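Colleague: Starting off with a structure, shown below.
The values are calculated or read from the model by the stated rules, or taken from the named source; none is laboratory data. Not measured: the values here are computed from a predicted model. Because the Cβ atoms are built from the backbone with ideal geometry, glycine has one as well, and the counts that use them run over all protein chains shown. Accessible surface areas use protein heavy atoms only, side chains included; no ligands, DNA or RNA. Shrake-Rupley method; radii C 1.70, N 1.55, O 1.52, S 1.80 Å.
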Amino acid sequence: MAGMTSHLTDVGAPVLIACAHGTDNAQGRREINAVRAEISALRPELDVLEAYVDVQDPDLVDVVAALPPNRPTVIVPLLLSVGYHVKVDIARAAASRPGTLSALPLGPDPRLARVLQQRLVEAGVAEGDDVVLSAAGSSDACAAEDVAEVQASLAELRTGPVRPGFGAKASPSVPDAVAAFREGTPSSPVALASYLLAPGFFHDQLAKAGADVVSAPLLPSPAIAEIALSRYDDAVARLLSGSRPDAGPCLRPCRARVATCVRSGLAQPV
């Protein structure tokens with residue numbers, strides 16, 4: 001651990017790989033590029049690299065393989081929840097190279113709930129209106145719990161009810177969540193809080209879900225770059241100390257339903 005601290009001091013701050021999903025949407029690409037630019041503006045001393053796990057290049061595997069030897073590196077997932085890309089794609093890439101560590105994803109974080117509420121206000125959604133927190137979705141139980149934590153934070157900022165809805169691989173679907181609100185209070189407006197970073201396929205689908213209003217995605221917002229740097233700092237602290245974040249058991253309810261848990265440091269590439 002002392003040797004690791006000395007090594008980090010010798011080579012400077014670890015590289016930050018800002019790893020996004022990737023999208024064919026031109027505006028979505030611009031928004032993610034802007035996040036990397038904001039990270040660099042906040043920390044001009046950092047080497048901030050671009051990488052993706054799908055759709056776009058450069059692919060994360062290639063970016064990691066091209067790193068200079070012996071340069072510590074942190075992969076920061078520009079993703080809102082855990083799931084396959086975090087637990088498999090990013091975990092494998094980190095495990096493929098010594099001195100490389102994956103940070104946690106952006107969510108859950110109370111700052112994301114504040115941006116969601118801001119987007120609802122901008123869309124004209126009243127405080128008491130029904131809101132579906134609309135996420136992309138994952139089959140991973142802990143991804144749903146990540147969304148539930150943000151849902152609880154958003155509910156604290158509003159007087160009306162908030163329930164989750166998912167675009168794929170989890171229940172309820174966004175249309176089903178909208179329908180459930182319609183069934184319970186038919187005359188109440190229903191809004192979708194777009195829990196997505198940027199425009200793209202899933203955001204386009206929200207317009208078909210039967211809600212009265214769809215808020216804009218989270219970006220652009222300075223909070224995303226700030227959260228990404230928080231995740232980077234946490235991971236660098238682990239590199240410096242040589243510790244793992246599994247000093248105690250993970251107490252989240254989803255832990256018993258998943259094979260790997262990134263929040264307890266138990267995730268292994270599969």
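Colleague: Return one whole number: the accessible area per residue of the chain in Å², for a 1.4 Å probe. Intermediate values should be presented prior to the final figure.
Modeller: On the way: 12000 Å² over 270 residues.
I get 44 Å² per residue for this part.
Colleague: Within the accessible area of the chain, what % is carbon and sulfur when the probe is 1.4 Å and the other protein chains stay in place? Walk me through the numbers on the way to the answer.
Modeller: Working: 6760 of 12000 Å².
Summing carbon and sulfur atoms, their accessible area is 56 percent of the total for the chain.
Colleague: About the Cα centre of the chain, how large is the charge dipole given +1 on each Lys and Arg Cβ and -1 on each Asp and Glu Cβ? Please answer in debye to the nearest 20. If you can, show how the numbers build up before the last one.
Modeller: Values: 23 positive and 30 negative charges, 114 e Å.
My answer is approximately 540 debye.
Colleague: Between Thr73, Val150, Ala34, whose Cα lies farthest towards the positive end of the dipole of the chain when Lys and Arg beta carbons carry +1 and Asp and Glu beta carbons carry -1, centred on the Cα centre?
Modeller: Thr73
Colleague: Would you kindly find the accessible area of His21, with a 1.4 Å probe and non-protein molecules such as ligands, DNA and RNA excluded, rounding to the nearest 10 Å²?
Modeller: Rounded to the nearest 10, the figure is 70 Å².
Colleague: Along Cα→Cβ, 7 Å out, is where each label goes; now give me the distance between the ones at Ala126 and Ala179 in nm to one decimal.
Modeller: 2.7
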